[in-house]
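The values are calculated or read from the model by the stated rules, or taken from the named source; none is laboratory data. Here the structure is a predicted model, which means the values were calculated and not measured. Here the Cβ positions follow ideal geometry from the backbone for every residue, glycine too, while neighbour counts run over all protein chains shown. Side chains included, ligands, DNA and RNA excluded: accessible areas come from the protein's heavy atoms. Shrake-Rupley method; radii C 1.70, N 1.55, O 1.52, S 1.80 Å.
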Amino acid sequence: MTKLSSVRVRMQSENLDAIIITNSKNIYYLSAFWGTAGTILVTQKAQYLLTDSRYSIAAHEATVDFEIVETREAFVEIAKLLKKEGVSQVGFEDGVTYAEFQTMQYQLAGLTLHATTSFIETQRQIKSPSEIATIKKACAISDQAFNDLLKFVEPGKTEIEIANFLDFKMRDLGASGISFDTIVASGKRSALPHGRATHKPIEFGDTVTVDFGCYYDHYASDMTRTFFVGEVSPKMQEIYHVVQQAQQAVTNISAPGLTYADYDRAARDMIEAAGYGEAFSHGIGHGLGLDVHEIPYFSKTSQECLAEHMVITNEPGIYLENIGGVRIEDDLHITSQGVEVLTLAPKELIVL
C-alpha cells in the first residue's frame, strides 16, 4: 500500500472527505518536497501540493504524484479545490498555529473542520527500506564522530569544545546538521540527564556523557555514550556496568509484539534490583525518523506493541546527584528476526 493509499484508508475510517497537511516533515514524507512554504491537500480523488513561486521548480522536481498549485494564499486555493470536489468534512493537523487556524476557519467557512492528532506521524512509525538505509547512514556518521572524539578529548578541553567538535565533525562526514543541541555533561554535571555544554573544562577523573545526533538526507540519528578521563571511581564503574547490562537486556528482548511496558521494564527492573531505581528518572526511549523524537513513546504501563520496521531508541541511565551519571543510548531497528542495532560505536567502559 502506498503512503497516499494509507492516508485515504485512514480518512475513510475517520469519515473525512479531505485532509490538510501543514507539518513540513509530513509534507516531505508524503511528497519528497522540502521548503519553508508548503501545504498538502489530499482528497479521495486527488492530491495537491501548494507552494509559492520560490519553490515551484523544486516542487515539480521533487514529486510526480501531486498536482502543483503555485500560490501565496494556500487556504484560498484549498477552498476552491474543495468546493470543486463538493466535500464537507475536512481534517487538519492539530499542530497548526492559532493564526493558521483562524485563517483556515475564515477561508473554509461552511465546511466542517476536524482536528487530527498524529494523522501522518502514526503512519511514519513503520519505516520503508530506503528510510532505514538513510537512518543507518546518519548513525554511521555519529559512530565515526564519536570514535574521532575519543582522540580529541583530554583534560583542559571544555564541554563546549567537545560539543563543537562533534557538531562540525558530523557535518564534515556528510551530515546536513545536528538533530538537536549536543549534550555534553562532565564530572558531577554528568548527573544532569540533559546537561547543556558549558565552559567547564574536563578534569582528570571526570565522567563525560555525550548525547548527540545528526540529520542525513532529512533523517535523524540519536546516540549517547559515557566515558571516563584519566581514571574511573569504583562507584562510577559500578553504575556503568549496571546501565550497560540493563541496556543490553532491552536490546536482547526487543522484537515485534513486545509491549511498550515490557520494553521499559527490561531495563528498569535491572536498575531497580541494583538499588538505583529512583536514579533512573526518564523513559527508556522514543521513535526516531524524520524527527529525532517521534512516536512511539514508551511508558511503564502501555500495552501497545513494537512492530516490524520501527526504529526506536534504547537509553537507560543512572544519575547520582553530586557524584555523576551514566547513560548509554542506541538506535534500534525492529525486524522480523528481532532487532538490528544501528549505532555501533563502542559501549565497553572506556578510560582515556
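For E70 and Q245, the difference between the fully extended length at 0.36 nm per residue and the C-alpha to C-alpha distance is 57.5 nm. Potential lengthening of the chain between V9 and H218 amounts to 72.6 nm, from the contour at 0.36 nm per residue minus the alpha-carbon distance. Across the chain, the mean sequence separation of Cα contacts (distance under 8 Å, 6 or more residues apart), normalised by length, yields a relative contact order of 15 percent.
Model label points for T122 and L320, set 7 angstrom from Cα along the Cα-to-Cβ axis, are 4.5 nm apart.
In the chain, helices alone account for a calculated mean residue ellipticity at 222 nm of -11000 deg cm²/dmol, with every DSSP H run of four or more residues adding -39,500 (n - 2.57). Once each part is reduced to its C-alpha centroid, what is the distance from segment 120-172 to segment 1-15 in angstrom? For segment 120-172 versus segment 1-15, the Cα centre distance is 34 Å. Placing +1 on the Cβ of every Lys and Arg and -1 on the Cβ of every Asp and Glu, with nothing else charged, gives segment 52-192 a dipole about its Cα centre of roughly 340 debye.
The angle between the Cα long axis of helix 260-273 and the longest principal axis of the Cα atoms of the chain comes to about 20 degrees, rounded to the nearest 10.
Solvent-accessible area of T97, all protein chains in place: 70 Å² (probe radius 1.4 Å, heavy atoms, ligands and nucleic acids excluded).
The dipole here belongs to the chain: it is taken about the Cα centre, uses +1 on the Cβ of Lys and Arg and -1 on the Cβ of Asp and Glu, and is about 360 debye. Axis of helix 74-85 versus longest Cα principal axis of the chain: the two differ by about 50°, to the nearest ten degrees. Angle of helix 98-107 to the longest C-alpha principal axis of the chain, folded into 0 to 90 degrees and rounded to 10: 10°.
In a simple Cβ point-charge model (Lys, Arg +1; Asp, Glu -1; nothing else charged), segment 190-349 has a dipole of about 280 debye relative to its Cα centre.
If you take volume of the Cα convex hull per residue in Å³ from the coordinates, which of (i) 161; (ii) 146; (iii) 121 do you get? Entry (ii).
Checking the cross-link filter: which lysines have an alpha carbon closer than 16 Å to that of K45, excluding same-chain neighbours under 8 positions apart? Reachable lysines: K3, K80, K83, K84.
Of the residues H199, A274, T97, the one whose Cα sits farthest towards the positive end of the charge dipole of the chain is T97 (charges of +1 on Lys and Arg Cβ, -1 on Asp and Glu Cβ, taken about the Cα centre).
Within the shell defined by Cβ-Cβ distances under 9 Å, the residues around E315 carry a net charge of -3, with Lys and Arg each +1 and Asp and Glu each -1. Segment T112..I295, full-extension length gain: 63.1 nm, with 0.36 nm per residue of separation and the alpha-carbon distance subtracted. What's the center-to-center distance, using Cα atoms, between segment 43-72 and segment 228-252 in Å? Here the two parts' Cα centres lie 51 Å apart.
At an R0 of 22 angstrom, the distance between the Cβ atoms of S176 and F204 translates into a FRET efficiency of 0.05. Cα centroid separation, segment 288-352 to segment 17-36: 28 Å.
The lysines within cross-link reach of K300, meaning a Cα-to-Cα straight distance under 26 Å and a gap of 8 or more places when in the same chain, are K127, K347.
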